[in-house]
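The values are calculated or read from the model by the stated rules, or taken from the named source; none is laboratory data. Values in this document were obtained by computation on a predicted structure and should not be read as measured data. We place every Cβ from the backbone using ideal geometry, glycine too, and count neighbours over all the protein chains shown. The protein model used for the area step is the full one, side chains on, heavy atoms only, and it has no ligands, DNA or RNA in it. Shrake-Rupley method; radii C 1.70, N 1.55, O 1.52, S 1.80 Å.
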Amino acid sequence: MHSALTATRRVRWPLPRAARVAGTALASVLALWVLLGHAMHAPWMWRPMPGLPGTHPFTALCLLMLALALVPGKTTGLPRTLARIAVTTALCLVSVRLLVPLTGDGLFAALTPFRGALEAQRQATGHAVAMPFNVAWTLLLLCLGEIARRMRYPLASQLLATAALAMLFVALTGYLGGLSVFKGAMAPWTVAGIASLALALLLATSRRSFMRALTAGSEPGRLARRLLGSTTLVLALGVWLVSRRLEYPGIPLPPDGVLLVYQSAFIIALIWAVVTLVTVRAHRVDRARGIAERLTQRAAHRDALTGLLTRNRMMSLRRSATPAADACGSELLIDLDGFRAVNEAFGPEEGDRVLVEVATRLRAAANGARVGRIGGDEFAIHCADLSAEQAHQLGQAVGRSLARPYEVRGRSFRLAASVGIAHATETAGANLAQAADQAMYVAKARGGNQTVAFAHAMHDLRKQEVELEQDLHQALASDDELWLSFQPVVAVADGKLMAVESLARWRHPRLGAVPPDRFIAMAERKRLIAALGRKLLGLAVEQAAAWERAAPGRWPVINLNVSPAQFAAGDVVAELLALLAQKNLPAGRFCLEVTEGVFADAHAVAALERARRHGFMVAMDDFGVGYSTLAQLPRMPLTSVKLDRSFIVNAGESAGDAAVFRAIVELAHALKLLVVAEGVETQAQFDLAARCGCDGVQGYLIARPMAPQEFDRWTTGARMVPPWLASPVAPPVAQPGHS
Ligand code: C2E
Ligand code: CA
Ligand code: CA
């Protein structure tokens, strides 16, 4: 017993399967041997194991049934049914035996197999072979233990198995001590069979608690092992010695040897039971603590929503990388474009679902590389062993994978991503993550939806941007940093002023003039565009009011640039109407210039339709770059189209492009839209615009954007014979109605 338990110290249990196989094999071999011996009346079969004839065939049958129940196998289907039948049969057989004092042994005898053989044996040996009471109890405990095991009560099952072992201890010491009650009542081989079954049962359930606790490396496990080992050994030795002394007269004996054995067995069982309970508890606490630790660790390492690594984890993994691994590593930083719109349109829950989908796609694309979520809609991939070329391919693959449509509430939509890539060979020792961040930032600045690899020139860009953002905040608060310049749009036919475009300018106190492309794009990214737009519109309306005071009714239509982000950020039309109402100016003197992107947004289109109803004009700016909205043109609430500068440049260079140019002007005219050619820099371009039928032109040839005073001088100056009209021009196309 003791050795079986202490052996677990060296062997790495649990091996429940092996233990069950061993227990089953031993018990069933013994049982079969006994049954066979009785069936064949073959005393020679018992010669190698003289204790065997004492084993009643009833015991053998019960052993066999129990062994069958312990056969390892699936917990479902036929094996389970067989095991159930086996345990039930064993239970019935044992119960019949235990009921003999009440019912008499008629039924027991009737159920006894090989009755003829038993009778013959009784006549030969002079005493009846009956299943002893203590064996019946042991078998009953084992049966119940097996039932408890299958009902997944490991603790109960272990306690029952332990009790069965204690009974066997009684039988063994009784046998060794030659105590009459046990002598010959239970053959040692029966003890072996039952002991192996009890052990197998103990081990089979040990995975969950008892043996696990005893063999675990934890402190309670060690303590329990020591306790069990020493007490069992001392008790077994003591009892055996005392029971031996019964044979020697003259030595004071305990009054009742049998009682002594039972008492000691009881004490052992009690110790086992207490140790089992205590260690199971202690171990459970230990395990709970371990699980809690693992959970907190996981929470720190894994993003709760996507299961990807957290920013901290990515950083600590990067720190712990060897310099060699770092030398060929690459980092990809992925930022979703316009994810905020998804959140706003569908709600944060659906947004989360999209993020989970994004994480899944990234994991698939990363192909085993480390993937982390390092911000709301920012992700990172770290690869240890990719060439710069492969890293770039991975970046493109990620972009393609994220661009596939997403499904939310049965609607499908697309998301784009800006991907920044940094490869160790190109960052020359600089921080990979920072480099990737800079590259990603450049991808964003270029309009997003693209992959950009890090280059050294990007180093300072990010820093500048952060400073610039702060400065823009100040500029918005100050009165003289932001101002408007005005560029005229003139009619091709007679050179008369058709309109004037107001263009934002920023006089930066340190950097000087910051190009509008740059600070407007930045304001859009940093969500400053609503404030900036409001400020610029306010300035334009103020200028209009000043012109109105100076020359009532004789100032040109003012073209106001409104970026798509402004429509998303607030009600531009209402704000503008409020501004005009303050100055008592009519909406009909203003034209909103919007880019094609606006028409992809139903919200913005509705705002523009409202603007048209209030009398504003609407021009499509930069027509011909980016989206191809030609087919949608008829449905847009437009009054004019401004053809992008690239049109006039290309048309001057190829006949094909000139044909396209002409066709588009014709189309716009068919839709009763005015056409303005932008970026006219040369006389040749002016002539081309005139030949193609443009209504107006705008560009450096006419005038550069000018400060208001300069613009005033320009309008009142001696332009009676404009230079661009000096050369002969084809007769102008009939102009569609325009106030
Ligand atoms: P845009 O609306 O296409 O403005 C026309 C741009 O073309 C202006 O650049 C103007 O200076 C430039 N330009 C005019 N004639 C010529 C020419 O003959 N040749 C060349 N190469 N360029 C010419 P600018 O002022 O730098 O403005 C850039 C962009 O910034 C504008 O493009 C517009 O998209 C944006 N923007 C400017 N002001 C505002 C504003 O008040 N609000 C908003 N939302 N955007 C603005
Ligand atoms: Ca414009
Ligand atoms: Ca333009």
- Message: Tell me the net charge near Arg507. Cut-off is 12 Å between Cβ atoms, Arg507 excluded, with +1 for each Lys or Arg and -1 for each Asp or Glu.
- Response: -2
- Which FRET efficiency value, to the nearest 0.05, do you get for His301 and Arg404 by plugging their Cβ-Cβ distance into 1/(1 + (r/R0)^6) with R0 = 30 Å? 0.55
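Relative contact order of region 311-454: what whole-number percent is it, with Cα pairs under 8 angstrom and at least 6 residues apart?
30
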- Find out how many positive minus negative residues lie around Ala365, taking Lys and Arg as positive, Asp and Glu as negative, among other residues whose Cβ is under 14 Å from that of Ala365. +4
- Order by accessible surface, 1.4 Å probe, largest leading, for residues Asp657, Asp437, Asp695 comes to Asp657, Asp437, Asp695
- Query: Ranked by accessible surface with a 1.4 Å probe, highest first, in what order do Asp517, Asp571, Asp621, Asp480 come?
  - Reply: Asp517, Asp480, Asp571, Asp621
- Query: Which order do peptides 663-673, 59-69 fall in by mean Cβ count within 10 Å, highest first?
  - Reply: 59-69, 663-673
- Query: Compactness ratio of region 422-508: Cα Rg over 2.2 N^0.38 Å, N = residue count?
  - Reply: 1.67
- What does the accessible area of Thr89 come to, in Å² to the nearest 10, when a probe of 1.4 Å is used? 50
- Query: Remind me, relative contact order of region 554-636 in percent, using alpha carbon pairs under 8 angstrom and six or more residues apart?
  - Reply: 33
- Task: Largest first and in whole Å, give the semi-axes of region 481-717's equivalent ellipsoid, each being the square root of 5 times a Cα gyration tensor eigenvalue.
- Result: 26, 22, 18
- Query: Taking only C-alpha pairs under 8 Å that are 6+ residues apart, what is the relative contact order of region 481-717 in percent?
  - Reply: 20
- What is the dipole size for region 481-717, taken about its Cα centre, with +1 at each Lys and Arg Cβ and -1 at each Asp and Glu Cβ, in debye to the nearest 20? 660
- Query: What nm distance separates the two modelled labels at Ala345 and Gln683, each placed 7 Å from Cα along Cα→Cβ?
  - Reply: 5.1
- Query: What ranking of Glu469, Glu350 comes out by heavy-atom accessible area, probe 1.4 Å, highest first?
  - Reply: Glu469, Glu350
- State the volume of the convex hull built on the alpha-carbon positions of region 366-445, expressed per residue in Å³ and rounded to an integer. 108
- Each label sits 7 Å from Cα toward the beta-carbon; between Arg363 and Glu467 the label points are separated, in nm, by 4.3
- Query: With labels modelled as points extended 7 Å from the Cα through the Cβ direction, what inter-label distance (nm, one decimal) is found for Ala109 paired with Val21?
  - Reply: 4.5
- Query: Tyr175 accessible area, nearest 10 Å², 1.4 Å probe?
  - Reply: 90
